[in-house]
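Since the structure comes first, as structure tokens, the remarks are kept for the end.
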Amino acid sequence: MHKNSEFIGIDVSKDTFDVWSPVFGHQSLDNNEKGFKEFQKLTSKNAWCVMESTGSYHQQLAHYLYTKQIQVSVVNPLVVKRFIQMKLQHNKTDKSDAKMIALFGQEQPLDLWVPDPKYIEECKILNTSIALYFKQSTALKNKLHSLESKGSKGIVLQSLKRQIKQFQKEISILETRVESLIKEHESEMLTNISSISGIGKKTAMMLISNTYAFKSFDHYTQVSAYFGLSPIERTSGSSIRGRSRISKKGNPAVRNHLFMCSFTACQYNPQCKALYERIVAKGKSKKLALIAVCNKLLKQSFAIAKSGIPYDPKYRSRPVFQ
């Protein structure tokens with residue numbers, strides 16, 4: 001299937017998308033349904049479209065191609081960027097980018113793109129809105145605290161308080177909607193993951209909605225890397241001995257929730273408590289131990305999601321006999 005495919009590179013922007021194919025060359029089309037239909041007329045039955053993940057701009061086109069049963073892959077833009085650098089390509093135009101994306105498809109292994117279910121997509125939109133409102137609410141609270149510490153009074157303080165109250169109301173409405181969607185589609189998984197000592201219902205909902213109920217992953221280490229909690233080691237020869245750090249890629253809101261959960265887990269989750277104490281006893285920093293606990297919570301969540309079995313605080317891994 002790969003060898004006989006006609007790879008079409010697509011460079012998507014807000015209003016237009018540029019396509020390049022070895023068959024019909026370069027075309028620039030509008031990023032709307034009219035442009036999608038014009039593009040479909042150019043494709044053959046062997047077409048395999050390759051595009052970068054560009055925020056929200058690529059999604060409508062990807063959905064359209066999927067519904068028309070045209071093969072499509074959505075790839076990480078950083079991977080494509082490194083590929084272009086490897087090819088020593090210096091030009092940076094929409095046409096050249098589309099051509100290089102097509103070449104990437106010809107030379108690199110690809111996975112076919114499948115859209116998330118509608119409830120997962122809605123949950124992701126809701127979660128990003130909640131994170132935005134929370135960030136804005138925190139900024140207003142900081143401003144309010146700053147003015148109050150100066151002894152300020154008057155209409156500005158009252159305005160800030162009203163805005164903070166409104167944000168809290170909106171956050172509550174959106175969180176209720178997320179909970180309703182998760183309970184409708186993944187009620188058992190929500191109950192099971194919430195049973196893990198240290199993980200609350202909000203964190204469980206975030207994990208489920210951001211991983212498509214863990215169906216997008218085959219191993220817990222992939223989940224850790226996805227949320228930016230996997231360690232990155234920087235060593236080379238005898239001169240470079242950089243400190244290992246987590247990558248911090250992926251959703252920061254999930255990382256923050258897991259980090260807060262790690263404090264509770266260190267007290268009430270036997271496996272996490274033992275891990276934390278073991279790392280600290282080796283002289284490692286408490287922050288490093290808490291990050292390890294975050295990964296442990298992800299591992300437990302992944303195992304419970306895949307097995308469908310609630311959390312057992314007395315569970316012990318099978319001993320390995322040598």
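The values are calculated or read from the model by the stated rules, or taken from the named source; none is laboratory data. In this text the structure is predicted, and so the values were computed from the model without any measurement. Heads up, the Cβs are rebuilt from the backbone with ideal geometry, glycines too, and the neighbour counts pull from every protein chain shown. Accessible surface is based on the protein model in full, side chains and every heavy atom, while ligands, DNA and RNA are left aside. Shrake-Rupley method; radii C 1.70, N 1.55, O 1.52, S 1.80 Å.
Results, tabulated for the structure shown:
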{"item": "Residue check for Val293: part of a helix (DSSP H, G or I), in contact with a Leu (Cβ under 8 Å, 6 or more places away or on another chain) and among the hydrophobic types (A, V, I, L, M, F, W, C)", "result": "yes"}
{"item": "Hits in the stretch 211-232 (condition: under 13 Å from Tyr119 (Cβ atoms) and either open to solvent by 10 Å² or more (accessible area, probe 1.4 Å) or without any contact (Cβ under 8 Å) to a residue 12 or more places away in the chain (or both))", "result": "Tyr212, Lys215"}
{"item": "Some residue of the stretch 42-49 being charged (D, E, K, R), open to solvent by 60 Å² or more (accessible area, probe 1.4 Å) and part of a strand (DSSP E or B)", "result": "no"}
{"item": "In the stretch 66-81, the residues that are under 19 Å from Pro22 (Cα atoms) and either of a type in the set (Asp, Glu) or without any contact (Cβ under 8 Å) to a residue 60 or more places away in the chain (or both)", "result": "Ile70, Val72, Ser73, Val80"}
{"item": "Identity of the residue in the stretch 264-300, closer than 14 Å to Ile196 by Cβ and within 23 Å of the chain's Cα centre (by Cα), that ends up most open to solvent (accessible area, probe 1.4 Å)", "result": "Lys299"}
{"item": "Whichever residue in the stretch 87-98 is buried (at least 17 other Cβ atoms within 10 Å of the Cβ) and not charged (D, E, K, R) and, among such residues, is nearest to Phe17 (Cα to Cα)", "result": "Ala98"}
{"item": "Flag for Leu181 being open to solvent by less than 20 Å² (accessible area, probe 1.4 Å), assigned to a helix (DSSP H, G or I), more than 14 Å from Cys123 (Cβ to Cβ) and in contact with an Asp or Glu (Cβ under 8 Å, 6 or more places away or on another chain)", "result": "no"}
{"item": "Lone unmet requirement of (1) in contact with a strand residue (DSSP E or B) (Cβ under 7 Å, 6 or more places away or on another chain); (2) part of a loop (DSSP other than H, G, I, E, B); (3) modelled with pLDDT under 90 for His90", "result": "(1)"}
{"item": "Lys314 vs. criteria open to solvent by 50 Å² or more (accessible area, probe 1.4 Å) and in a helix (DSSP H, G or I)", "result": "no"}
{"item": "Criterion (of a type outside the set (Gly, Ala, Ser), touching a Leu at 6+ places or on another chain (Cβ under 7 Å) and either in contact (Cβ under 8 Å) with a residue 40 or more places away in the chain or buried (at least 18 other Cβ atoms within 10 Å of the Cβ) (or both)) met by exactly one of Ile84, Ile101, Ile130, Ile120", "result": "Ile130"}
{"item": "When residues of the stretch 210-256 are limited to those that are outside any helix (DSSP H, G or I), modelled with pLDDT of 65 or more and aliphatic (A, V, I, L, M), the one nearest to Phe302 (Cα to Cα)", "result": "Ala213"}
